[in-house]
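Chemist: Structure incoming, see below.
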Amino acid sequence: LLHYSLNMKIAAAFSALLASAAAFAPQQSARSATQLHETKADLEVLAKKLNPIVGFYDPLNLAEAEFWGASNESTIGFLRHAEIKHGRVAMFAFVGYIAHANGFKFPWAMQMDGSPFPSETNPPALWDTISDVAKWQIFGAIAFLEFWSELSTDENQHYMSGGKPGKMPSLQLFRDNVHFALDLYDPAGLSKNMSEEKKETRLRAEINNGRLA
């Protein structure tokens, strides 16, 4: 009964999200955001800033590809976004593995029936220990973030259409219509007055750390 109730709540929330998705449909009106299309030359400049020793390294010549019939600039936007996103996943995974391997866990119950978080310190064994409901919640959260990151609105251009690679759309509409949730990037709004130069420097550091992870 507990699992059924939990699944019904998840389904209801997802249905509400889909019902409001029409609000995200791309509009024909002019966008206020600045178009950002990168070229192979831009990648070569960025590569030197990221690693002056290695520089630009593209043995598969992906920087000149045109995926799915899209333009080269759109393909570069896809590749840039994919690297940033997967770098973030790798960093989260690295920190999570270290945390679990050292026995760190939340002190409260993991599930509504009072079941605690597993005490396993072997991360693969820990994954096998948690319930199927917990696993589906994790998969559901991943699917939601993938869906949300692909949104293209007047406030957020898609990364293949001139938007900024790596940018995660605000969760404001989700907060207003479904459930409270903090934005993934700077939920406290501390970077509002940060210069674009500093943001670019921090993004380059993030890319390098993602590659290392």
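The values are calculated or read from the model by the stated rules, or taken from the named source; none is laboratory data. Just so we're clear, the structure is a prediction, and the values are computed from it rather than from any experiment. We place every Cβ from the backbone using ideal geometry, glycine too, and count neighbours over all the protein chains shown. Surface accessibility is based on the protein's heavy atoms, side chains included, excluding ligands, DNA and RNA. Shrake-Rupley method; radii C 1.70, N 1.55, O 1.52, S 1.80 Å.
Chemist: Checking TYR97 against (1) modelled with pLDDT of 90 or more; (2) in contact with a helix residue (DSSP H, G or I) (Cβ under 6 Å, 6 or more places away or on another chain); (3) under 30 Å from GLU38 (Cβ atoms), only one condition comes out false. Which one?
Modeler: Only one criterion is unmet by TYR97, namely (3).
This table checks each residue for (1) more than 28 Å from PHE106 (Cα to Cα); (2) in contact with a Phe, Trp or Tyr (Cβ under 7 Å, 6 or more places away or on another chain); (3) free of Cβ contacts under 8 Å to residues at least 12 places away in the same chain.
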residue	(1), (2), (3)
LEU126	no, no, no
THR129	no, no, yes
VAL133	no, no, no
ILE142	no, no, yes
ASP154	yes, no, no
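Chemist: Continuing with this model, one more query. Would you check which residues across the stretch 116-147 are among the hydroxyl-bearing types (Ser, Thr, Tyr), in a loop (DSSP other than H, G, I, E, B) and open to solvent by 40 Å² or more (accessible area, probe 1.4 Å) and list them?
Modeler: Filtering the stretch 116-147 down to residues among the hydroxyl-bearing types (Ser, Thr, Tyr) leaves 119, 121, 129, 131.
Those still in the list that are in a loop (DSSP other than H, G, I, E, B) too: 119, 121, 131.
Listed by number, the residues that qualify are SER119, THR121.
Chemist: Give me the residue from the stretch 185-203 that is hydrophobic (A, V, I, L, M, F, W, C) and over 20 Å from LYS85 (Cα atoms) and, out of that set, modelled with the highest pLDDT.
Modeler: Start the filter on the stretch 185-203 by keeping residues that are hydrophobic (A, V, I, L, M, F, W, C), which leaves 188, 190, 194, 203.
With the extra rule that they be over 20 Å from LYS85 (Cα atoms), the set shrinks to 188, 190, 194.
Values: ALA188: 79, LEU190: 78, MET194: 86.
The selected residue is MET194.
Chemist: Residue check, LEU60 against (1) in contact with a strand residue (DSSP E or B) (Cβ under 8 Å, 6 or more places away or on another chain); (2) of a type outside the set (D, E, K, R); (3) free of Cβ contacts under 8 Å to residues at least 12 places away in the same chain, all met but one. Which one?
Modeler: The one condition LEU60 does not meet is (1).
Chemist: Here is a further query. Being open to solvent by less than 40 Å² (accessible area, probe 1.4 Å), at pLDDT 85 or above, under 26 Å from HIS81 (Cβ atoms) and in a loop (DSSP other than H, G, I, E, B) narrows it down to one residue among GLY166, GLY210; which is it?
Modeler: Working: GLY210 fails: in a loop (DSSP other than H, G, I, E, B).
Criteria check complete, one pass: GLY166.
Chemist: Let me ask something else about it. Which numbered condition in (1) open to solvent by less than 80 Å² (accessible area, probe 1.4 Å); (2) in a loop (DSSP other than H, G, I, E, B); (3) within 18 Å of LEU79 (Cα to Cα) is the only one that ALA181 fails?
Modeler: Every listed condition holds for ALA181 apart from (3).
Chemist: Follow-up. Hey, ARG31 hits all of (1) assigned to a helix (DSSP H, G or I); (2) surrounded by 16 or more Cβ atoms within 10 Å (Cβ to Cβ); (3) at pLDDT below 50 but one; which does it fall short on?
Modeler: All conditions pass for ARG31, except number (1).
Chemist: Being over 22 Å from PHE92 (Cα atoms) and among the acidic types (Asp, Glu) is the filter here, so list the residues in the stretch 105-128 that pass it. Give the derivation first.
Modeler: Within the stretch 105-128, the first condition is being over 22 Å from PHE92 (Cα atoms), and the residues that meet it are 109, 111-116.
Matches in the stretch 105-128: ASP113 only.
Chemist: Test ASP154 against the stated conditions and say whether it is more than 24 Å from TYR57 (Cα to Cα) and at pLDDT below 85.
Modeler: Working: more than 24 Å from TYR57 (Cα to Cα): yes; at pLDDT below 85: yes.
Against the criterion (more than 24 Å from TYR57 (Cα to Cα) and at pLDDT below 85), ASP154 qualifies.
Chemist: Turning to a different aspect of this structure: Across the stretch 101-115, what is the total count of residues that are over 20 Å from VAL133 (Cα atoms) and open to solvent by less than 90 Å² (accessible area, probe 1.4 Å)?
Modeler: Looking only at that region, the number is 2.
Chemist: Let me ask something else about it. If you go through the stretch 38-72 one residue at a time, how many are open to solvent by 70 Å² or more (accessible area, probe 1.4 Å) and assigned to a helix (DSSP H, G or I)?
Modeler: Number of matching residues: 7.
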